Every structure is written in C-alpha cells, then in structure tokens.
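Bear in mind these aren't lab numbers, they're just calculated from the coordinates by the rules spelled out. None of the values given here were measured: they were computed from a predicted structure. Cβ: placed from backbone, ideal geometry, glycine included. Neighbour counts: every protein chain shown.
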Amino acid sequence: MSLTIGDRPLSSRPRDTVNYRIDGPAHRLLFEPFPRRVRAVFGGATVLDTTSGMLLHESNLLPQLYLPRDDVRGDLLTRTEHRTHCPFKGDASYWSVTVNGQAADNALWSYLDPLPEASWLRDHVALYWGSMDAWFDEDEEVAGHLRDPYQRVDVRATSRCVRVMAGDEVIAESRRAVVLSETGLPNRFYLPIDDVRSEALELSGTHTVCPYKGTASYRSLRTASGLIVDAAWYYPEPLDGVQGIRGYLCFAADGIETWVDGVALH
C-alpha cells in the first residue's frame, strides 16, 4: 500500500477503522532506504550515482529520493541564493547543475540545518525529477518518479456491465472490461476498443507518464453536444504487470459518466 496518499497511515487523515493510535503530528515523515542503485543524467553527464538512496515518505506527497551529498558530482553544482521553508523539515538551500553550458537552475536542495524532528536529512540532498534528462533504477530508465515500494497495481478481468455515457449518448458498453486497482486511487475500468464507438474518437496530442503503467496516449470524444477533450486514454505499450490493459480504453473527463451494473462511479 502507498503510505502517504488518501487515507493511508502516513496521510494527514488516516482511516479511523483501526485498533491503534499514532501519537504525533498529523503531517508525518518516514525516511527509509531505497533498495537499488539510482543514477541521474544531465547534459550527457552522470550527476548522481548512489546505492545509498533514501526515500522520504511525507504525508499527502509522493515519496522523494534523498541521497548522501558525496554521491553527487560537486564539480557540477553552483550554490544559489534561492531558499524555501518547510514547517516540518526546515530551511532548504539550493544549487544549480551546470554541464557544458547547459543549466538546471535550483535543481538540487538540501536541509543544511534541518529541524530536530527531521535531523536525519542532514548531509542528504534531493533533486527535482524533471530537472534531469534521464533517471535509471539500476540499468532501466524510469519516467515520472521512482516506484513507491508500498504502491500496488492490479488488473483483473470483469464480466460486470460497464457503460460509458456522455449525456444521453452511450459511448461504450462492455462485459469484457478489465478493472485496474491502484493504491490510493479509485478503480478504473478499461474497455476493449471493439466495444467503443471508435468513430466518435479523435486524435489528441496529449501524453502522460506513469511509472507503474507506462506512457499513455489520449483521445478526444466528439458528441452531439461538442468535443470533450482528452476524454479517454490508453497505454500502447504498457509496462510489465499491467499487460492486461493493452488494447483497452479508459474514460474519465468532465461530461463523461461510467456506470457499472447500473451504478454510476464517482
């Protein structure tokens, strides 16, 4: 399970259906080792290379990789005047990364004098994921962010009746859908393309990246009332573990409703 999102144990509002209490602040921090080697590349240079990475799990946020300062190439860093303050961790100082004239401004930060309750952040640094050209988990390039070891994604076939509506129009209907359950997120129902009114779909230039599922492509939907932009998405090359959604579409957008066995999803 993901620890920090939604109603999970390290979120600000965990479930009350438990037989224990967590004493401490509502905003929680957990610092624990990441089990594999991580590298980041910028401008053709390896900026960081660590086997001692740590994941900071923080309430309501995705886990953030921190690593020992010595695992970053200091010769590529320039300290800046930029500062930020976190009420749970302290004051952060920033550095830019420069390689062959190419700069990632304020890409790296560190809590040089963290608050006592986050003292273990001292001598560790973190980088914005999007500031680097590429990240590698061992020798596999990863996109979006590192996988949370507590996150799970399951894909299961279902014979329930799944109907997609745009107003009074039936856009898709199937008893051959698959349901994708992802920790901290609502179930998503993916329908085979043959059960969708594909003539109503139009190409979209939108793409998004999920570290658990892959790169998604989008389709807009032409209805009697007009165009619903990016109404559906699919994964042309889904990652291992979610191959069951290959060739399937999922709908979710304003103006779209998905019904399962006659009950609307919310």
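In whole angstrom, how far apart do the alpha carbon centroids of the range 160-226 and the range 86-135 sit? Using only Cα atoms to place each centre, the spacing works out to 38 Å.
Rounded to whole numbers, the Karplus 3J(HN,Hα) couplings from phi for the range 181-197 are 10, 10, 3, x, 10, x, 4, 10, 9, 9, 10, x, 4, 5, 9, 10, 6 Hz, using 6.51 cos²θ - 1.76 cosθ + 1.60 with θ = phi - 60°, and x at Gly and Pro. Under the simplified labelling scheme, the residue 197-residue 168 pair shows an inter-label distance of 1.2 nm, with each label point 7 Å from Cα along Cα→Cβ.
I want the local charge near residue 164. Using Cβ-Cβ distances under 10 Å, sum +1 for each Lys or Arg and -1 for each Asp or Glu among the other residues. Don't skip to the end; give the middle numbers.
Numbers: positive: 163, 197; negative: 169, 173, 195, 257.
For residues surrounding residue 164, the net value is -2.
Simple spin-label estimate for residue 52 and residue 229 gives 4.8 nm between the two label positions (7 Å along the Cα-to-Cβ direction from each Cα).
So how much slack lies between residue 215 and residue 154, counting 0.36 nm per residue of separation and subtracting their Cα-Cα distance, in nm?
Working: separation 61, 0.36 × 61 = 21.96 nm, distance 1.73 nm.
The span from residue 215 to residue 154 would gain 20.2 nm if fully extended.
With +1 on each Lys and Arg Cβ and -1 on each Asp and Glu Cβ, and nothing else charged, work out how big the dipole of the range 99-236 is about its Cα centre, in Debye to the nearest 20. Don't jump to the answer; show the numbers that get you there.
Details: 13 positive and 21 negative charges, 162 e Å.
Rounded to the nearest 20 debye, it is 780 debye.
Rounded to the nearest 0.05, what FRET efficiency do residue 16 and residue 105 give with R0 = 51 Å and r taken as the Cβ-Cβ distance? Could you check? Calculated transfer efficiency: 0.70. The slack between residue 143 and residue 204, meaning 0.36 nm per residue of separation minus the straight C-alpha distance, is 19.9 nm. Positive contributions from Lys and Arg (+1) and negative ones from Asp and Glu (-1), summed over other residues with Cβ under 11 Å from the Cβ of residue 235, come out at +1.
Annotation: amide H of residue 231 within the under-5 Å range of 219, 220, 221, sequence separation 5 or more or interchain, hydrogens built in the peptide plane. Given axes a ≥ b ≥ c from the Cα gyration tensor, I'd like to know whether the range 52-180 is rounded (a/c under 1.5), prolate (a/b larger than b/c) or oblate. Cα axes put the range 52-180 in the prolate bin. Among the chymotrypsin sites (Phe, Trp or Tyr not before Pro) within the range 1-71, those in coil by DSSP and having at most 14 neighbouring Cβ atoms inside 10 Å are 20. Amide H contacts for residue 171 (H built 1.01 Å from N in the peptide plane; partners 5 or more residues away or on another chain; cut-off under 5 Å): 164, 165, 166. Positive end of the charge dipole of the chain (Lys, Arg +1 and Asp, Glu -1 on Cβ, about the Cα centre): tell me which of 62, 85, 185 has its Cα farthest that way. The listed residue farthest towards the positive side: 185. Across the chain, the convex hull enclosing all Cα atoms gives 166 Å³ per residue. Of the trypsin sites (Lys or Arg not before Pro) found in the range 16-46, the ones in coil according to DSSP and having at most 11 other Cβ atoms within 10 Å of their Cβ are 21.
Start at zero, step by 10 Å, and the Cα-Cα distances of the range 41-87 spread as 20, 40, 37, 3 percent across the bins. The simple Förster model, with R0 at 51 Å and r as the Cβ-Cβ distance, assigns residue 80 and residue 175 a FRET efficiency of 0.30.
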